[in-house]
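Peer 1: Structure below; questions to follow.
The values are calculated or read from the model by the stated rules, or taken from the named source; none is laboratory data. Model, not experiment: these values are computed from the prediction. All Cβ positions, glycine included, derive from the backbone under ideal geometry; neighbour counts span all protein chains shown.
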């Protein structure tokens with residue numbers, strides 16, 4: 001009974017088009033790309049020319065540690081501080 005239920009669930013998901021598909025792009029060696037995608041173009045982020053990356057770039061935290069050294073964590077916060085130094 002459980003196998004039948006799972007099979008029906010898998011069929012419903014595939015019919016709705018929720019599943020991921022393999023990228024249709026080609027690598028430099030003319031082999032199909034192995035990345036998966038959910039986009040309608042059927043191309044991964046590497047092959048899709050219209051892909052836009054998140055505009056927030058991570059930067060090194062501007063905080064100072066207890067040992068009086070610069071923090072090595074990265075952050076996307078506008079303040080320039082990581083999660084540990086932003087609270088202080």
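Peer 1: If the requirement is being within 30 Å of residue 24 (Cα to Cα) and either loosely packed, with under 14 Cβ neighbours inside 10 Å or at pLDDT 90 or above (or both), which of these qualifies: 53, 74? Write out each step before concluding.
Peer 2: Numbers: 74 fails: within 30 Å of residue 24 (Cα to Cα).
Among 53, 74, only 53 is within 30 Å of residue 24 (Cα to Cα) and either loosely packed, with under 14 Cβ neighbours inside 10 Å or at pLDDT 90 or above (or both).
Peer 1: Among the residues of segment 65-85, write down those that are in contact (Cβ under 8 Å) with a residue 12 or more places away in the chain and not in a loop (DSSP other than H, G, I, E, B).
Peer 2: Across segment 65-85, the qualifying residues are 74, 75, 84, 85.
Peer 1: Let me ask you something else. So which residues in segment 32-55 are free of Cβ contacts under 8 Å to residues at least 12 places away in the same chain and assigned to a strand (DSSP E or B), if there are any at all?
Peer 2: Across segment 32-55, the qualifying residue is only 32.
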